[in-house]
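The structure appears below as structure tokens.
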Amino acid sequence: MTQLELAKKEKTTLLMEKVAREESLPKEFIREGVERGEIVILKNRRGNPLGIGKGLRTKVNANLGTSPELCEETIELEKLKVAEEAGTDTIMDLSTGGDLDRMRRLFLEKTSLPLGTVPIYQAAIETIREKGALIQMEPKKIFQVIEKHAKDGVDFITVHCGVTRKALEKWRGEGRLTDVVSRGGAFHITWMVANNKENPLFENFDELLAIAKEYDVVLSLGDGFRPGSLKDATDRSQVEELLVLAELLERAKEEGVQAMIEGPGHLPLQEIEANVLLEKKLCKGAPFYVLGPLVTDVALGYDHIAGAIGGALAASYGADFLCYVTPAEHLRLPTPEDVREGVIASRIAAHAADIAKGIRGAQGWDDELSYHRKKRNWGREISLSIDPKRARELWEKSKPHLPDVCTMCGEFCALKLVEEWLKIKK
């Protein structure tokens, strides 16, 4: 039985208990959250399970994987190591170049973190390689790839079930600036238009549920019409897709399949709260997984900052899972250093939101670091920082003459002056 089916029977599983310990929450809180569909548990048979959802720490995902232009396994495994060291909670393999089965299985072998994939990538790419054109893809190919990923031990999969013919018509009439930026969405749309048929994942959703239920894989219901620019945010095609996903989510829950909802994308600051509220209302509190969101289109080279700003806001309003954005977004396949910066930026956003949401222990971390900052205990302060390696590098490159201050203020350190004055007064 799946975690959701067991939760409905009021049974608290070992995985639920592990998540409860990790989150410092009662195990019944986790079970009830799973039962309501507000929490999903990534089983992760290679390591610890991971809970995502209401009342839990905001989680961060790092996208890795090859492309047709850059296809080096060693580089991707280096990026995997960097992402783990930077503190990501999950990994997604988005490979589109080279041996796709081998790359996915290498990630599964080399990481103890939960792994997600987007099966339509492999289905589309293998069809192009074998038959010369995406439009020749047989619907059964998609389901064969999904089951292969599930058998391999993937913990969650992105499936673009909401890219329907109706949503496609909404998009066609929209006059979007950046059309469709979701690669998975584009694969589905190309096939649907060329074959004049409905999306197989929507039309045969029960078949997808059967696979997910057998392997207890979490469905991440993808946003094929997510906006790729501020101008396209919160338009009819995006909302139409969300309405479809809300209905499919209910069908998944009825079948005992865990699911979460993916969201935008590029969003102006003033629309982030509304987007989170809309998802939470329509999808009855289901976990919300957002890319960024990016709050401006012009931050090339700094999109990790634009994404962190949007991510902090989105998570503070109730989003549960942040997909990182790297400085290389829109420009190139990320390097290991891009991956590190992307993970750290998203972790800062997630932690800032957890403080705002009152997540247990979130501000305690800040309070402890600030205590050691006041004492000018540099070693302990640095070790408590979100990126100790970076903090230590900056400290060691600019050591002051006095041992208990930094080169910003030196002998005029405010903390030191007040401390010494208080000692004199005593």
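In the set (1) of a type outside the set (Gly, Ala, Ser); (2) buried (at least 20 other Cβ atoms within 10 Å of the Cβ); (3) assigned to a loop (DSSP other than H, G, I, E, B), Leu25 fails one condition alone, (2). Within the range 221-232, identify whether any single residue is on the phi > 0 side of the Ramachandran plot, out of contact with any Phe, Trp or Tyr (no Cβ under 9 Å at 6 or more places or on another chain) and not β-branched (Val, Ile, Thr), and answer yes or no. No, because not a single residue in the range 221-232 is on the phi > 0 side of the Ramachandran plot, out of contact with any Phe, Trp or Tyr (no Cβ under 9 Å at 6 or more places or on another chain) and not β-branched (Val, Ile, Thr). Within the range 263-273, is even one residue in a helix (DSSP H, G or I) and in contact with a Leu (Cβ under 6 Å, 6 or more places away or on another chain)? Yes, some residue in the range 263-273 is in a helix (DSSP H, G or I) and in contact with a Leu (Cβ under 6 Å, 6 or more places away or on another chain). For the subset of the range 181-208 comprising residues that are aliphatic (A, V, I, L, M) and within 26 Å of the chain's Cα centre (by Cα), which member is farthest from Ala252 (Cα to Cα)? Checked the range 181-208; the qualifying residue farthest from Ala252 (Cα to Cα) is Val181.
Considering the conditions (1) outside any helix (DSSP H, G or I); (2) more than 24 Å from Lys416 (Cβ to Cβ), Ala353 is excluded by exactly one of them, (1). When we screen Ala246, Ala212 for residues that are assigned to a helix (DSSP H, G or I), more than 17 Å from Thr164 (Cα to Cα) and touching a helix residue (DSSP H, G or I) at 6+ places or on another chain (Cβ under 8 Å), the only hit is Ala212. Tally the residues that are within 23 Å of the chain's Cα centre (by Cα) and within 18 Å of Lys140 (Cα to Cα), restricting the search to the range 163-180. Selection size over the range 163-180: 1. Among the residues of the range 157-175, those identified as surrounded by 20 or more Cβ atoms within 10 Å (Cβ to Cβ) and farther than 17 Å from Ala123 by Cβ are Gly162, Thr164, Ala167, Leu168, Trp171.
Return yes when Leu422 is of a type outside the set (Asp, Glu) and surrounded by 12 or more Cβ atoms within 10 Å (Cβ to Cβ) and no when it is not.
no
Can you pull out the residues in the range 231-243 that are in a helix (DSSP H, G or I), touching a strand residue (DSSP E or B) at 6+ places or on another chain (Cβ under 8 Å) and within 15 Å of Gly175 (Cβ to Cβ)? Once the filter is applied, which keeps residues that are in a helix (DSSP H, G or I), touching a strand residue (DSSP E or B) at 6+ places or on another chain (Cβ under 8 Å) and within 15 Å of Gly175 (Cβ to Cβ), the range 231-243 yields only Asp232. Kindly establish whether Gly292 is within 17 Å of the chain's Cα centre (by Cα) and under 17 Å from Lys231 (Cα atoms). Yes, satisfied. When the range 153-185 is filtered for residues that are assigned to a helix (DSSP H, G or I), under 19 Å from Pro119 (Cβ atoms) and in contact with a helix residue (DSSP H, G or I) (Cβ under 6 Å, 6 or more places away or on another chain), only Gly184 remains. The set of residues in the range 99-152 being over 18 Å from Glu78 (Cα atoms), among the polar types (S, T, N, Q) and touching a residue at least 40 places away in the same chain (Cβ under 8 Å) consists of Thr117 alone. In this structure, is Val19 surrounded by 18 or more Cβ atoms within 10 Å (Cβ to Cβ), in the same structural domain as Leu94 (by TED's automatic domain parsing), touching a helix residue (DSSP H, G or I) at 6+ places or on another chain (Cβ under 8 Å) and assigned to a strand (DSSP E or B)? The answer is no for Val19. For the range 263-322, a residue qualifies if it is within 22 Å of Glu341 (Cα to Cα) and either among the β-branched types (Val, Ile, Thr) or not assigned by TED's automatic domain parsing to the domain that holds Asp179 (or both), and the qualifying residues are Val290, Val295, Thr296, Val298, Ile305, Ile309.
The number of residues in the range 261-278 that are surrounded by 24 or more Cβ atoms within 10 Å (Cβ to Cβ) and either under 21 Å from Lys231 (Cα atoms) or modelled with pLDDT under 95 (or both) comes to 8.
Would you check if there is a residue in the range 380-389 being closer than 25 Å to Pro293 by Cβ, in contact with a Lys or Arg (Cβ under 9 Å, 6 or more places away or on another chain) and outside the structural domain of Gly263 (by TED's automatic domain parsing)? The answer is yes, given that some residue of the range 380-389 is closer than 25 Å to Pro293 by Cβ, in contact with a Lys or Arg (Cβ under 9 Å, 6 or more places away or on another chain) and outside the structural domain of Gly263 (by TED's automatic domain parsing). When the residues of the range 333-355 are filtered to those that are touching a Leu at 6+ places or on another chain (Cβ under 9 Å) and farther than 11 Å from Arg57 by Cα, the one that is surrounded by the fewest Cβ atoms within 10 Å (Cβ to Cβ) is Leu333. Filtering the range 179-197 down to residues that are charged (D, E, K, R) and either touching a Cys at 6+ places or on another chain (Cβ under 7 Å) or more than 19 Å from Arg236 (Cβ to Cβ) (or both), which residue is surrounded by the most Cβ atoms within 10 Å (Cβ to Cβ)? The selected residue is Arg183.
Number of residues in the range 21-48 that are closer than 17 Å to Pro114 by Cβ and small (Gly, Ala, Ser): the value is 1.
Residues are listed down the side, and each one gets a yes or a no for (1) within 30 Å of Lys399 (Cα to Cα); (2) in contact with a Phe, Trp or Tyr (Cβ under 9 Å, 6 or more places away or on another chain):
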site: Gly263; (1), (2): no, yes
site: Glu271; (1), (2): no, no
site: Val295; (1), (2): no, no
site: Ile305; (1), (2): yes, no
site: Pro334; (1), (2): no, no
site: Ala352; (1), (2): yes, no
site: Ile359; (1), (2): no, no
site: Trp365; (1), (2): yes, no
site: Arg376; (1), (2): yes, no
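The values are calculated or read from the model by the stated rules, or taken from the named source; none is laboratory data. These numbers come from a predicted model, not from an experiment. Note: ideal-geometry Cβ built from the backbone for every residue, glycine included; neighbour counts use all protein chains shown.
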